[in-house]
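Just so it is clear, none of the values below were taken in a lab; they were calculated from the coordinates. Given the structure is predicted, the values throughout are model-derived calculations rather than measurements. Every residue, glycine as well, gets a Cβ built from its backbone with ideal geometry; the counts of neighbours run over all protein chains shown.
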Amino acid sequence: MAGSTLLLVAVTVARLGPDPRPVVIVLAWLACITPPLVRIDIAERRLPNRLVLPALAIAVPVSAVDAAVRQMPLLEPLLMGFAVGAVLYACALFGGLGMGDVKLGALLGLAAGCFGTSAVLLFAVVSVSSAGLTGAVVVLLARSRGGSAGWRTRIPLGPFLLLGCWCAIAASA
């Protein structure tokens, strides 16, 4: 787990170049919590507040400072995080998503929002398509084995949200 954390931090710093922006603080923190979030969500189907909420609390002011440094509208990253969180909250109201996914989505939308709207869109596309493809494969495998799980098979969304965010950041940085 420490190796994957160091790799994510190294890639993040390398992608941002010799003149790092304030968002590197958020990305380094995110790199540190990504492996445990993936492990816990796969094993327990939950995303602990003790990992997500402190990162969200740090990401809000740092993303505003990052926007000011880049001379972009201060609210743009905040609006991106809010938009992702709102969409996931609407999905949670209909079932299938937990509030951990909503909070993590808001954090990741905020992080991707520091790289612009196109990064947030890429984050959404990669997250949804990878989760949907995995879900379809799991359902087909369950049905082919004669299982009655069918649509009741649950997959954790957190790892796919994290995958989408890191792909968007890597493509946009």
Checklist entry - Helix 99-113 versus the longest principal axis of the chain: what angle, 0 to 90°, nearest 10, using Cα atoms? => result 40
Item to check | region 74-173: chymotrypsin sites (Phe, Trp or Tyr not before Pro) in DSSP loop, at most 15 other beta carbons within 10 Å | outcome: Phe94
Checklist outcome for this item: Rounded to 0.05, the calculated FRET efficiency for the beta carbons of Leu7 and Thr117 at R₀ = 35 Å is 0.80
Item to check | Two-site label geometry, Met72 and Ala142: point separation in nm, points 7 Å out along Cα→Cβ | outcome: 3.8
Next on the checklist: Using only DSSP helix segments of four residues or longer, with each worth -39500 (n - 2.57), what per-residue ellipticity at 222 nm results for the chain after dividing by its residue count and rounding to 500?
Outcome noted: -26500 deg cm²/dmol
Item to check | Cβ-based charge dipole, the chain, positive-most Cα from Ser130, Pro61, Ala112 | outcome: Ser130
Checklist outcome for this item: Measuring from the longest principal axis of the C-alpha atoms of the chain, the long axis of helix 2-16 (C-alpha) lies at a number of degrees, nearest 10, equal to 50
Checklist outcome for this item: Taking every C-alpha to C-alpha distance in region 2-172 and binning by 10 Å from 0, the per-bin percentages run 11, 39, 34, 13, 4, 1
Item to check | Label-to-label distance, nm, for residues given as Asn49 and Met99 (7 Å Cα→Cβ offset) | outcome: 0.7
Item to check | Extreme residue, positive dipole direction of region 2-172, given options Pro156, Ala31, Cys167 (C-beta unit charges) | outcome: Pro156
Next on the checklist: Using Cβ contacts closer than 10 Å as the measure, can you line up Cys165, Cys91 from fewest to most?
Outcome noted: Cys91, Cys165
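If you place +1 on the Cβ of every Lys and Arg, -1 on the Cβ of every Asp and Glu, and leave all else neutral, what size is the dipole of region 2-172 about its Cα centre, to the nearest 20 Debye? Could you put the intermediate results ahead of the total?
Details: 12 positive and 6 negative charges, 114 e Å.
Charge dipole, region 2-172, about its Cα centre: 540 debye, nearest 20.
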Item to check | Relative contact order, percent, region 2-172 [alpha-carbon distance under 8 Å, six or more residues apart] | outcome: 23
Item to check | Helix 158-172 axis, angle to the chain major axis (alpha carbon atoms, nearest 10°) | outcome: 40
